[in-house]
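The structure appears below as structure tokens.
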Amino acid sequence: MSEQFGAAASKGETRAGPGLTHLFTMRAGLGARLDGGDGPLGRRVFNAATGGDFAGARLRGAVMPGSADWMLVRKDGSMVIDARAILQTDDGATIHMTYAGRAIFAADMLADVRDPARRHLIDPARYYMRTTPLFETGAEAYAWLNDIVCVATGQLTEPGLDYEVFQVG
């Protein structure tokens, strides 16, 4: 069987990658950050969302307070995103969103990244912020979310951050 796979690869066959469909844009404000200090894995920083909104063709609503990122800043400076968000749709459904990912900033940008008055001025082309959102809900109208995989791109904004969330086809 491995010969079969090797033969296909050696013939130069190409396969189409999964398509992406825009699911929604999420905008969240950030409150005060709580710095847990240096631990064995790096520095743990808690970034709480003050609220926000999300909107797309199939769903829209509010990002609820209580949503937050339990970020780990590794010793090499890479930021490991470990976030949970509570989404409340306009029609009253509650959706639990979890997402992990990475935020990579050059060392000379870190002071501006941490400054709410300056973070939105950083050109998004100068940093990397990607996540992999997953969803859980008991709402029948949104049950399809329980079975999809998404990817998202993040951007720093004056109130906090925005994510463009895409469903992987």
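So, in nm, how far is label Ala141 from label Glu164 when the simple model puts each one 7 Å beyond its Cα toward the Cβ?
It is 2.7 nm.
Mind ranking 130-137, 101-108, 41-48, 161-168 by how tightly packed they are, going by the mean number of other C-beta atoms within 10 angstrom, highest first?
Taking the mean over residues of other Cβ atoms within 10 Å, the ranking is 161-168, 130-137, 41-48, 101-108.
Give me the one-decimal nm value for the distance between modelled label points at Leu134 and Ala16, 7 Å along each residue's Cα-to-Cβ direction.
Roughly 2.7 nm, to one decimal.
With the Cα gyration tensor of the chain giving a ≥ b ≥ c as the square roots of its eigenvalues, does the rule (a/c under 1.5 for rounded; else a/b larger than b/c for prolate; else oblate) give rounded, prolate or oblate?
The shape class here is oblate.
Take the alpha carbon atoms of region 99-154, find their center, do the same for region 25-45, and report the distance between the two centers in whole angstrom.
13 Å
Can you list residues from other chains, or at least 5 along the same chain, whose modelled amide H is less than 5 Å from the amide H of Arg44?
Close amide H contacts, sequence-distant or interchain: Gly36, Gly37, Gly39, Val73.
How much net charge surrounds Thr131 when only other residues with a Cβ under 14 Å from its Cβ are counted (Lys, Arg +1; Asp, Glu -1)?
-1
We did not get these values from a lab; they are worked out from the coordinates using the rules stated. Every value quoted in this text rests on a predicted model; they were computed, and no experiment measured them. We place every Cβ from the backbone using ideal geometry, glycine too, and count neighbours over all the protein chains shown.
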